[in-house]
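Reading through the structure tokens given below for one structure.
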Amino acid sequence: ATGTTFNLTTGTTDNIFEIALPPGQTLVSVFDATAGFFITVAFTTGTIVVNDAGGNPHIYNIYRLTNAVPYATSHTFNIVTT
């Protein structure tokens, strides 16, 4: 699988952020561009089973960051997957 880079903007309301990646893709890194440091290790991992249109199950990787409270100012996360 080829790598993908995208941004996630947190806003100031939510405190749980999830990234779901299809089979074969994993999280490489998450950089909090607003705070200026990597937060990859703050994401917990899990899986979820999603059925395709034919009813065939596929296991997706879930990565979750849970903050005690929402961010006071919106942050931008630069996310890299592979």
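Using a 1.4 Å probe and ignoring any ligands, DNA or RNA, find the accessible area of Val50 and quote it in Å² to the nearest 10. Ignoring ligands and nucleic acids, Val50 comes out at about 60 Å².
Accessible surface computed residue by residue for the chain, with neighbouring protein chains in place and a 1.4 Å probe, gives 61 Å² per residue. For a quick check of understanding: with a 1.4 angstrom probe and all protein chains in place, what accessible area in square angstrom does Tyr60 have, to the nearest ten? About 70 Å², rounded to the nearest 10.
Using heavy atoms of the protein chains and a probe of 1.4 Å, the accessible area assigned to Leu8 is about 40 Å².
Take the solvent-accessible surface of the protein heavy atoms, probe 1.4 Å, and return the percent of it on the chain that carbon and sulfur atoms account for. C and S atoms contribute 57 percent here. Relative contact order of the chain, taken over Cα pairs closer than 8 Å and 6 or more residues apart, is 51 percent.
The values are calculated or read from the model by the stated rules, or taken from the named source; none is laboratory data. No experiment lies behind these values; they were computed from the predicted model shown. Ligands, DNA and RNA are stripped out before the accessible areas are found, and what is left, the full protein with its side chains, is counted by its heavy atoms. Shrake-Rupley method; radii C 1.70, N 1.55, O 1.52, S 1.80 Å.
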